[in-house]
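This report refers to the structure that appears directly beneath it.
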Amino acid sequence: MDQVGMGNAEHQGALAKGEVLPRPASSQSEGFKPRSVLNSLLSGAFAGAVAKTAVAPLDRTKIIFQVSSNRFSAKEAYKLIYRTYLKDGFLSLWRGNSATMVRVIPYAAIQFCTHEQYKRILGQYYGFQGKALPPVPRLLAGSLAGTTAALITYPLDMVRARMAVTPKEMYSNILHVFVRISREEGLQTLYRGFTPTILGVVPYAGLSFFTYETLKKLHAEHTGRSHPYSYERLAFGACAGLIGQSASYPLDVVRRRMQTAGVTGHTYGSILGTMREIVMEEGVIRGLYKGLSMNWVKGPIAVGISFMTFDLMQILLRKLQQLGYNAR
């Protein structure tokens, strides 16, 4: 699941000379403003794409270990990356990244829009219009946003997982993956592993949004500044992503196993059955939490890059808008 998109969805300010550009206190009291929302969507989608591309080799390596029974370690991960580089070339480390890009952009956009709408709706329902949501609705808004985005973009995540763990001769491009899966395994295969995905998204998205917004709220109370600096948002996003990932990671492993069952020779019939088989063959920590340490490395890197890119994009788009206004 992706912490990059979640951080971007909340990161509305852009830095200029060390300060955050101001914005209204809460989007819950605002109506739908296409221009400002579109700017945020474009900035967030672009930032997510850049960040995901930067950590793609680590992400691909993590998926390969998740779907295999090989023991994970930093040394083994390095060996796998190096062998891939020697065998297939430097660009092979980014295999499947095109499918990731196709997924990340709509995922980030949908997640941001729905999160803002869910916050507004829940704020009205609980009587917190224009104010920060209390803990439970705050957790619920993030979970609903992540679930909505996952529901719409899941087939793209399935395709990305297949491309990451198969040789390039098997699938030539994204469309080829869709066609082969549909013909050989049936259209329903595109949603294989969807149940553990949703079960993982609920705590992941919920805890990530909850942690991020809670840290911003505590920061504002202690410092008197309603808009954190960029490096502070980076730290908040990193903490949120680490907590969300750690809570939902076993279900992420199960999801990957079920997604790639057709090409790894395994047969997984259910979530509990998959978990049981993984634990029996590999153990709890080495099986269900395989590759988690790599997520703890790539997560903060991805968040840092995404926040930096988001700030630059926001500043650029606002300057272009201002030039447009001045030219009228």
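THR147 satisfies every condition listed in (1) open to solvent by less than 70 Å² (accessible area, probe 1.4 Å); (2) modelled with pLDDT under 85; (3) of a type in the set (Ser, Thr, Tyr) except (2).
Checked against (1) surrounded by fewer than 21 Cβ atoms within 10 Å (Cβ to Cβ); (2) in a loop (DSSP other than H, G, I, E, B); (3) at pLDDT 85 or above; (4) among the aliphatic types (A, V, I, L, M), ALA132 passes all but condition (3).
When the residues of the stretch 197-224 are filtered to those that are touching a residue at least 40 places away in the same chain (Cβ under 8 Å) and charged (D, E, K, R), the one that is farthest from THR153 (Cα to Cα) is LYS217. Within the stretch 214-234, take every residue that is outside any loop (DSSP other than H, G, I, E, B) and in contact with a helix residue (DSSP H, G or I) (Cβ under 8 Å, 6 or more places away or on another chain) and give me the one that is nearest to PRO137 (Cα to Cα). Among those residues, the one meeting the criterion is THR214. Which of the residues that make up the stretch 166-181 are open to solvent by 40 Å² or more (accessible area, probe 1.4 Å) and either closer than 22 Å to HIS115 by Cβ or not in a loop (DSSP other than H, G, I, E, B) (or both)? If the condition is that a residue be open to solvent by 40 Å² or more (accessible area, probe 1.4 Å) and either closer than 22 Å to HIS115 by Cβ or not in a loop (DSSP other than H, G, I, E, B) (or both), then LEU175, HIS176, PHE178, VAL179, ARG180 are the ones that fit.
Among the criteria (1) hydroxyl-bearing (Ser, Thr, Tyr); (2) surrounded by 22 or more Cβ atoms within 10 Å (Cβ to Cβ); (3) more than 21 Å from LEU41 (Cβ to Cβ), the one TYR231 does not fulfil is (2).
Please indicate, with yes or no, whether at least one residue in the stretch 20-30 is surrounded by 15 or more Cβ atoms within 10 Å (Cβ to Cβ) and at pLDDT 70 or above. Checked the stretch 20-30: no residue is surrounded by 15 or more Cβ atoms within 10 Å (Cβ to Cβ) and at pLDDT 70 or above.
Inspection of the stretch 189-203 finds a residue satisfying the criterion of being farther than 23 Å from LEU41 by Cβ and loosely packed, with under 15 Cβ neighbours inside 10 Å. In summary, GLY241 fulfils each of the numbered conditions (1) surrounded by fewer than 19 Cβ atoms within 10 Å (Cβ to Cβ); (2) modelled with pLDDT under 80; (3) under 24 Å from ALA302 (Cα atoms); (4) not hydrophobic (A, V, I, L, M, F, W, C) with the single exception of condition (1).
When the stretch 148-173 is filtered for residues that are under 18 Å from SER68 (Cα atoms) and of a type in the set (Ser, Thr, Tyr), only THR166 remains.
The values are calculated or read from the model by the stated rules, or taken from the named source; none is laboratory data. No experiment lies behind these values; they were computed from the predicted model shown. Note: ideal-geometry Cβ built from the backbone for every residue, glycine included; neighbour counts use all protein chains shown. Just so you know, the surface numbers come from the protein's heavy atoms only, side chains and all, with ligands and any DNA or RNA stripped out. Shrake-Rupley method; radii C 1.70, N 1.55, O 1.52, S 1.80 Å.
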